[in-house]
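Structure, as structure tokens:
We did not get these values from a lab; they are worked out from the coordinates using the rules stated. These figures come from a predicted structure and were not determined experimentally. So basically every Cβ, Gly included, is an ideal-geometry build from the backbone, and we count neighbours across all protein chains shown.
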Protein chains: 2
Amino acid sequence: MTQGRRTIMLVDDHAVVREGYRAVLEKQPGLKVIAEAGDGAEAYRLYKEKRPDLVVMDLTMPGIGGIEAIRRIRQWDPDARILVFTMHQNAAFAVQAIRAGARGYVTKTSPPEALVRAVADVFAGKVALSPDIDHELALSRLAEETVAADVLTAREFEVLRLLLAERTADEIAALLHISPKTVANLHYLIKTKLGVGSDIELVRLALRQGLLTQMEIGAS
Amino acid sequence: MTQGRRTIMLVDDHAVVREGYRAVLEKQPGLKVIAEAGDGAEAYRLYKEKRPDLVVMDLTMPGIGGIEAIRRIRQWDPDARILVFTMHQNAAFAVQAIRAGARGYVTKTSPPEALVRAVADVFAGKVALSPDIDHELALSRLAEETVAADVLTAREFEVLRLLLAERTADEIAALLHISPKTVANLHYLIKTKLGVGSDIELVRLALRQGLLTQMEIGAS
DNA sequence: GCGACGTCGGGAAATTTGCCCGGCTTCTCC
DNA sequence: GGAGAAGCCGGGCAAATTTCCCGACGTCGC
């Protein structure tokens, strides 16, 4: 990266929203938007081609999501600077993003200046978190909600995904070549491990943890 | 409204996103953004103060949501032109918005030109729907999914809300001063009326129909 | 080889679900 | 004012599921 001219790539599936990022960022001297992508796959491809100094990335996108895009880009270039800018004011998402290799997490509810400041912070080597996410993370620390991906085994996680996909116990049993009884046992075990009493709580916990995004809901 | 100078109010809880709308719309000669609001209550207040010729409105916002804001504005000014511009590519939302009095529904995934065209269509007296919403509505017509708000009685709807709020049957019974048995019966009746087999399907249907927005999920 | 752990499922009691019923109130329409 | 429809409430009971226990098997690390 040259010092005087920092290049940026924007990743968001909404073209009009990218227009907003661009307007805000290009008001800053020394920042230049050189690429835009509408989904994770395009982001990865364009990153390799354009080598921007920083990526501003949304999380919820069709196809390959933001988290996976971060992982891929960081695998290809471990020094990549990626700043997540999303609507999800959600500690679970922030944790996932940072673990995947993001250098910051700012919510879209923040004033535009916050984005500008976060960009500067990332260039300065700091981890940029907006105040509301600080707060969310603090709360989640206190709540100590069990993280599904951490406590569940691979098999349990798979059954959970299928349950959330509106499969009946019998369908899952047939799919996995196990007895319906085992599915029932796993279902029970999952609820126990996650400290959840009903299926309704289970779905809501899954939503909070991003296991099921609102996007997928329609695609039943 | 004067012919040469059409005034617009933007409503969206994300400041950066409003920046995008503004950039796209003000490129058009004859359009001028004269107000911005970040939630439904502010939108209603500002509408009365500024009397814009058109409102571009998001749906999911903190506090008073977009649907309710549309209702209020239209009650105060039955001729108000309101165009919904949202990320929700969801037939149920579109139906609610149009019923509340919106003159159009465009999703944020549409190219920026689609927004410009929709604005022009609304000014021309047409109902503006983006192609993906046309498609969603067509599908929903074929699927004929039961609409919770239509088929459920008030009591049933109330129980449904409480169930979704992660209350146990016993809590609901105590809250409504009825027997747990009745709650169980209502729970069963709700699932029957909505043509749903499990609680998981029930939650997902509620999400599709906007009874439970992703925003609320965290606030358990 | 031995303990820890994940996977798979049987068994049995406890609970919930699915579906029926009848009684009660309210509202409408004649 | 009476007949009928529709909503609300809850008992009853068989069937199904959930809950919790158990043992068997494979595999991995030490």
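Reported value for the stretch B:148-217: 81 Å³ per residue, from the convex hull of its C-alpha atoms. Rounded to the nearest whole Hz, the Karplus-based 3J(HN,Hα) values (6.51 cos²θ - 1.76 cosθ + 1.60, θ = phi - 60°) of the stretch A:183-200 follow the sequence 4, 4, 4, 5, 4, 5, 5, 4, 5, 5, 4, 8, x, 10, x, 10, 5, 4, with x at glycine and proline. Each residue of the stretch A:83-90 was assigned a 3J(HN,Hα) from its phi angle through the Karplus expression (A = 6.51, B = -1.76, C = 1.60, θ = phi - 60°), giving 10, 7, 9, 9, 7, 7, 8, 8 Hz with x at Gly and Pro. Normalised by 2.2 N^0.38 Å, where N counts its residues, the alpha-carbon radius of gyration of the stretch A:57-166 equals 1.15.
Computed from backbone phi, the HN-Hα couplings of the stretch B:19-28 come to 4, x, 3, 4, 4, 5, 6, 6, 5, 7 Hz, rounded to whole numbers (Karplus: 6.51 cos²θ - 1.76 cosθ + 1.60, θ = phi - 60°; Gly and Pro given as x). State whether the stretch A:20-62 is rounded, prolate or oblate according to the following rule on the C-alpha gyration tensor (a ≥ b ≥ c being the square roots of its eigenvalues): a/c under 1.5 gives rounded; otherwise a/b larger than b/c gives prolate, and the remaining case gives oblate. Oblate. Annotation for residue B:127, label-to-label distances across the other copies: 5.1 nm (shortest first, one decimal, point 7 Å from Cα along Cα→Cβ). Any idea what diffusion coefficient chain B gets from Stokes-Einstein, in µm²/s, Kirkwood Rh on alpha carbon pairs, 10 °C, 1.306 mPa s? It comes out at roughly 84 µm²/s. Taking amide H atoms as placed 1.01 Å from N in the peptide plane, the amide H of residue B:36 lies under 5 Å from those of B:10, each 5 or more residues away in sequence or on another chain.
Partner shielding of A:162-168 amounts to 3, given as the average count of beta-carbon atoms from other chains within 10 Å of each residue beta-carbon. In whole angstrom, how far apart do the alpha carbon centroids of the stretch A:91-140 and the stretch A:1-72 sit? Between the Cα centre of the stretch A:91-140 and that of the stretch A:1-72, the gap is 16 Å. Computed from the Kirkwood radius of its Cα pairs, the Stokes-Einstein diffusion coefficient for the protein assembly as shown at 4 °C and 1.567 mPa s stands at 55 µm²/s.
Inter-chain Cβ neighbour count for A:107-116, averaged per residue, equals 3 (cutoff 10 Å, partner chain atoms only). The loop-placed GluC sites (Glu not before Pro) in the stretch A:118-217, going by DSSP, that have at most 11 neighbouring Cβ atoms within 10 Å of their Cβ come out as A:144. Each other copy holds its own label point for residue B:179; taking that point as 7 Å from Cα along Cα to Cβ, the gaps run 3.7 nm, nearest first. Annotation for residue B:116, label-to-label distances across the other copies: 2.7 nm (shortest first, one decimal, point 7 Å from Cα along Cα→Cβ). Helix A:66-76 axis versus longest C-alpha principal axis of chain A: approximately 60°, rounded to the nearest ten. Between the Cα long axis of helix A:40-50 and the first principal axis of chain A there is an angle of about 30°, rounded to the nearest 10.
Rounded to the nearest 10 degrees, the angle from helix A:131-143 to the longest Cα principal axis of chain A is 30 degrees.
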